[in-house]
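Report on the following structure.
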Amino acid sequence: MLIKLSNASEKPIYEQITQQLKTAILAGKLLPGDPLPSIRSLAKDLKISVMTTKRAYADLERDGFIETVAGKGSFVAERNQDFLREELLRQAEEHLLKAVQIAKTANMSKQELTDLLTLLMEEEME
């Protein structure tokens with residue numbers, strides 16, 4: 001599993017780890033039951049604090065993406081399809097909100113933004 005961290009990112013390192021692991025789980029690159037590296041080994045590999053990886057894993061566990069078994073480690077949690085869809089919808093909404101804010105700054109009309117979204121979706125669906 002490859003996690004890439006950016007010091008230039010606005011997001012804290014623990015959020016970068018959390019987001020990349022969520023993305024891998026939602027995309028099916030990490031499957032239910034797959035083991036994750038230990039907190040210590042991930043910290044060592046990424047050359048970051050153990051507290052940072054611990055925070056990322058705690059957030060993932062809180063959000064239901066991973067389960068931690070004492071003495072055995074952390075694993076990708078079993079997830080139902082409704083929860084997966086809800087998380088993906090939440091992410092899409094977050095990105096669309098950013099797009100709306102940027103469009104507003106650029107003085108784009110609602111129709112221009114709608115046309116752009118339609119065009120992008122058509123290209124992506126091909």
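The values are calculated or read from the model by the stated rules, or taken from the named source; none is laboratory data. The structure displayed is predicted, hence computed values, not measured ones. Virtual Cβ from ideal backbone geometry, glycine too; neighbours counted across all protein chains shown. The accessibility values were calculated without ligands, DNA or RNA, using every heavy atom of the protein model including side chains. Shrake-Rupley method; radii C 1.70, N 1.55, O 1.52, S 1.80 Å.
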In the range 75-87, what residues are farther than 11 Å from residue 32 by Cα and either touching a helix residue (DSSP H, G or I) at 6+ places or on another chain (Cβ under 6 Å) or basic (Lys, Arg) (or both)? 85
Taking the range 5-31 only, how many residues are in a helix (DSSP H, G or I), of a type in the set (Gly, Ala, Ser) and either open to solvent by 60 Å² or more (accessible area, probe 1.4 Å) or more than 22 Å from residue 79 (Cβ to Cβ) (or both)? 0
